[in-house]
Structures are given as structure tokens and as C-alpha cells.
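Scroll down for the structure; my scribbles are underneath it.
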Amino acid sequence: MKDLMIYASRRSMLAGAAMFVIAGPVIGAVDRYAMSPWRRIGDDEWRRRLPAPSFRVLRQQDTELPFSSPLNKEHRAGTFVCLGCDLPLFKSQWKYDSGTGWPSFYTAFNDALGKKADFALGYERTEYHCARCLGHQGHVFDDGPKPTGLRYCNNGVAIRFLAA
Ligand SMILES: [Zn+2]
């Protein structure tokens, strides 16, 4: 019995060590913009660069009023980029009318968004942000259309549309 416990604890130690070894390179690979100059811009500089409503959303995680964004009615072909750093986030063909009053997309460019749990409203939502400048974009929900079933609910003031 004693031998068995020693064996079990040694095994969990080894498992922990293995996870630690794996975690390092994976995190490094995901955060490809860790050394980006966009990460070194401070709040004062962002405040100068951005319109006030965009600053409040991108840098302070504010949410714009629903049905306030002209981008709700943007249906031309093109790309939606981060207003902070111009990283392409969404293609126009991924946009759909969710009826929520915010520009909505069912998918995003690979590795363009970082995500984290957000409990600000007292329950868990998944916040997402520009992977490069870390500017807050919106929240992603699982009530979207096919093929992903996802709804990226984006603040219009956090993105800019570039016609193709
Ligand atoms: Zn950005």
C-alpha cells in the first residue's frame, strides 16, 4: 500500500513536470505579438491616438450602445481591421445580421484574436481582443450561425472597414 502511494505521487509529479515542459513552447507560439511595438504603447498615447469612444472600448473594455455603429449597415466586400493597430480581424463574408445591434461575425482570421474569461456582469462571458495591440473588441457567444455556431459580437468603434 505504501509503495503504491509513493508510486502514485511520483507519477503525478512526473505528469506535472511533463505539462510544464509542454506549456512553455505552446504559450510562446500563441502569443506571436509578444514583442510587438504595439504592446509598448501606454494609455496616454492611446488616448491621443484614438477617438474617445474607441479609447473607452479598446483600452477600457467599454461597450458601445447597440444599433449605434454605422458598420451594422456595412455590406460591401472587404476586411474589418483593428482600429488600434490595423490588424485584419474579419472578412466581410463572415459578417451577418444577428439582430443584436452590434456588428457580428461567425468567425475571425486565424490567430487574430486573444480570448479570456470575463466575469464583469456577474456571470462568465468570453472576452476577445486584438492579438497584437490587445485592444478589447467584444465577446464571443455560442449562439451563432453555421458553420461555426459562434457569434463574435464586436464593438463597431473598435474596428475600421477597408473596402476590397
Ligand atoms: Zn490591434
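Each value in this text was obtained by applying a stated rule to the coordinates, not by laboratory testing. Quick caveat, the model's predicted, so the values are computed rather than measured. Ideal geometry is used to build each Cβ from the backbone, glycine not excepted, and the neighbour counts take in all protein chains shown.
Given an 8 Å cut-off on Cα distances and at least 6 residues of separation, report the relative contact order of segment 87-158 as a percent. Can you show the working numbers first?
Numbers: 142 pairs, mean separation 20.7, N = 72.
Computed value for segment 87-158: 29 percent relative contact order.
Given points 7 Å out from each Cα along the Cα-Cβ axis, report the residue 110 to residue 93 separation in nanometres with one decimal.
1.7 nm
Can you spot the lysines whose alpha carbon is less than 19 Å from residue 73's alpha carbon? Ignore those fewer than 8 places along the same chain.
Excluding near neighbours in sequence, the set is 91, 95.
By per-residue mean of other Cβ atoms within 10 Å, what is the highest-first order of 104-115, 79-90? Please list the in-between numbers first.
On the way: 104-115: 17.4, 79-90: 21.2.
The densest-packed peptide leads the list: 79-90, 104-115.
With r as the distance between the Cβ atoms of residue 38 and residue 146 and R0 = 25 Å, compute the FRET efficiency 1/(1 + (r/R0)^6) and round to 0.05. Walk me through the numbers before you get to the answer.
Working: r = 34 Å, r/R0 = 1.35.
Result of the calculation: an efficiency of 0.15.
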